[in-house]
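Working notes for the structure below.
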Amino acid sequence: MPEIPATSRRGLLFGTAAISAGALLTACTSNEPKTEKQPADNAPVADDKPGKAVTIGFAGPQADHGWLNAINVNAKSRAEKYPDVTLEITEGSNDTAAQIGQVQTLINKKVDVLVILPADGKALTQVGLQAMKAGIPVVNLDRIFASPQAYRCWIGGDNYGMGLNAGNYIGEQLKDKPNARVIELAGLDNLELTKQRTQGFDDALKNYPNIRKVARQAADFTVESGQAKMAQLLQAQSQFDALWNHDDDQGVGALRAIAQAGRKDFLMVGGAGARSAMEAIKADDSVLKATVLYPPTMAASAIDLARALGQGKGVSGMAELEIPASLTLYSAVVTKDNVDEYLPTGFN
């Protein structure tokens, strides 16, 4: 996974200015000759220039999936960009008790800001509250805590938007085809994110009365599960026009099953934005024609937000002196037409 360029348009570029109320009042009420006044730079702003030293504690889950590994890579590479940032990173764990212990260690080290991608948002809510009560602001990354009191800012992806954009893309490709049929290879059904992705997909298809979803199978976000579940779908569905696969890691297995079955009679849309998927889209030699992003660059942006918090600054493009309470990232659709733009963000 390459480092995210400092000039990435998906990163948060910091810097803003505020016009003083006094200057505006004078301009409106004074009878004295008007004199040009420069805007007062009252708002402290975050930018690439070195500022106050900030120690950021980063706690994420075990990187046992390509997307999760990309989260760690993005966080580390972004922190290295700033000479005023020290990153204290834990060894990721999917065990909630272990991750709670790791966060408590960071709290005891008195880091300035915490960035936490919890293995289980509900289970780690109490340790988020503990950090906030200790005066350490928390940037909650993606999997949300059960209480907004447990974090200062949440930043994450749009699972509903993934499904919506995947459905709209497929809908546009098939809008002129009578009685079009689509199938869905979902992720883990016990996860709320899977339900949201399916709901978005179903809602998008309502805009295309000629399209019907004829089958859905849940996999486990792994290559092996993707291959096994896709093989079952192919056997059960002799004819369909499009497939939406929720996750590009399990999509590697799905593509294997499709190749083994010799099927080329439909189009496939992936999910998340793996490098392998983008390269296949660019090569245009398989059924995979698009992937809907769930960008791991959110970890780089979380570091930007944490640095701004530690330095008491705001973000560009906004008049407020503080960073937002939440940021939901957009799920762009990557196709052959724009893949070169997004390829540097693809994860392994």
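Residue by residue, the stretch 47-60 carries 3J(HN,Hα) couplings of 8, 7, 6, x, x, 4, 5, 10, 9, 10, x, 10, 10, x Hz when phi is fed to the Karplus relation 6.51 cos²θ - 1.76 cosθ + 1.60 (θ = phi - 60°); x denotes Gly or Pro.
Please give the length that would be gained between residue 283 and residue 322 if that part of the chain were fully extended, namely 0.36 nm times their separation in residues minus their C-alpha to C-alpha distance (nm, one decimal). Intermediate results must be reported in sequence, preceding the final value.
Values: separation 39, 0.36 × 39 = 14.04 nm, distance 4.40 nm.
Result for the pair: 9.6 nm of gain on full extension.
When the listed pairs 52/76; 52/133; 177/282; 282/313; 122/336; 213/282 are checked against a 29 Å cut-off, the alpha-carbon distance exceeds it for 282/313; 122/336. Here the gap between residue 216 and residue 189, fully extended at 0.36 nm per residue and compared with their Cα-Cα distance, gives a gain of 8.6 nm.
Of the trypsin sites (Lys or Arg not before Pro) in the stretch 148-223, the ones in a loop by DSSP (not H, G, I, E or B) with at most 11 other beta carbons within 10 Å are 206. The trypsin sites (Lys or Arg not before Pro) of the stretch 229-272 that DSSP puts in a loop, and whose beta carbon has at most 11 other beta carbons within 10 Å, are 264. Along the stretch 211-216 the Karplus relation, 6.51 cos²θ - 1.76 cosθ + 1.60 evaluated at θ = phi - 60°, assigns HN-Hα couplings of 10, 10, 7, 9, 7, 8 Hz to successive residues, with x for each Gly and Pro.
All other residues whose Cβ lies under 14 angstrom from that of residue 145 are scored, Lys and Arg at +1 and Asp and Glu at -1, for a net of +1.
Mean residue ellipticity at 222 nm from the helices of the chain, using -39,500 (n - 2.57) per DSSP H segment of n ≥ 4 over the full residue count, to the nearest 500 deg cm²/dmol?
-11500 deg cm²/dmol
Helix 298-310 and the longest principal axis of the Cα set of the chain meet at an angle near 10°. Treating the angle as unsigned and between 0 and 90°, give the value, to the nearest 10°, between the Cα long axis of helix 192-205 and the longest Cα principal axis of the chain. Taking Cα atoms only, the helix is inclined about 70 degrees. Between residue 110 and residue 179, full extension at 0.36 nm per residue minus the direct alpha carbon distance yields a gain of 18.7 nm. Computed from backbone phi with θ = phi - 60° and the Karplus coefficients 6.51, -1.76 and 1.60, the 3J(HN,Hα) list for the stretch 167-177 is x, 5, 5, 4, x, 5, 6, 10, 4, 9, 9 Hz; x is used for glycine and proline. Counted over the chain, the DSSP beta bridges are approximately 5% antiparallel.
Calculated FRET efficiency, residue 256 to residue 341, Cβ-Cβ distance, R0 = 25 Å: about 0.35 to the nearest 0.05.
Here, each number is a calculation from the coordinates, and none is a lab measurement. This structure is a prediction, so every number in the text was calculated from the model and none was measured. Every residue, glycine among them, receives a Cβ derived from its backbone with ideal geometry; neighbour counts consider all protein chains shown.
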